[in-house]
């Protein structure tokens, strides 16, 4: 093998390694496991487990706390499959199981902390997912009436009475018998 071929092969190996390690390239080229690209139920289960790790008391809530992460009105939905695969990959490397949803709360929290300490793009993705999950749960963005019992938010204003009973007791006495000036 000539030196030129060795250098060319080495350049391809370095480029391939850089592409595999670079989060933006992995996102753009969709270089993550096929199961996350095709199996929406797997992505949803992983993101529900993520949401219940971010806000543990929201896990028993009847609403789906991960709904905002998959909502196409928010930009994070474009990266949901990659995000779920990244959680799975970090789960595999840390605990030996790719099933992020089966980990304990402490283990899921450690996996999320690992993502928050990764490269800049991954850190932004994790921070955005955490923030969007918190907004979805605490602000009740999908159900204005429900609010959020976790923080004592009762939901939207329902138009309660804004006056007092027997309001005429607070008014001054009329100047004339008809109440009008003549």
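Hey, how much of the P(r) for the range 108-167 falls beyond 17 Å, as a percent of Cα pairs?
When every Cα pair of the range 108-167 is considered, 58 percent fall beyond 17 Å.
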### Query
Ranked from highest to lowest mean number of other Cβ atoms within 10 Å per residue, what is the order of the peptides 113-121, 170-178?
113-121, 170-178
### Task
Any chance you could list P(r) for the range 65-182, counting all Cα-Cα pairs in 10 angstrom bins from zero, rounded to whole %?
12, 27, 22, 11, 7, 7, 7, 5, 1, 0
### Task
Go ahead and run the numbers for FRET between residue 79 and residue 41, Cβ-Cβ distance against an R0 of 25 Å, rounding to 0.05.
0.90
### Query
In whole Å, what is the distance between the alpha-carbon centres of the range 126-158 and the range 39-101?
18
### Message
If packing is taken as the average count of other Cβ atoms within 10 Å, what order do 102-109, 45-52 fall into, highest mean first?
### Response
45-52, 102-109
### Task
Order by neighbour count: 145, 39, 86, fewest other Cβ atoms within 10 Å first, most last.
145, 39, 86
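No value in this document is a laboratory result; all are computed from the given coordinates. Computed from a predicted model, the values in this text were never measured in an experiment. Heads up, the Cβs are rebuilt from the backbone with ideal geometry, glycines too, and the neighbour counts pull from every protein chain shown.
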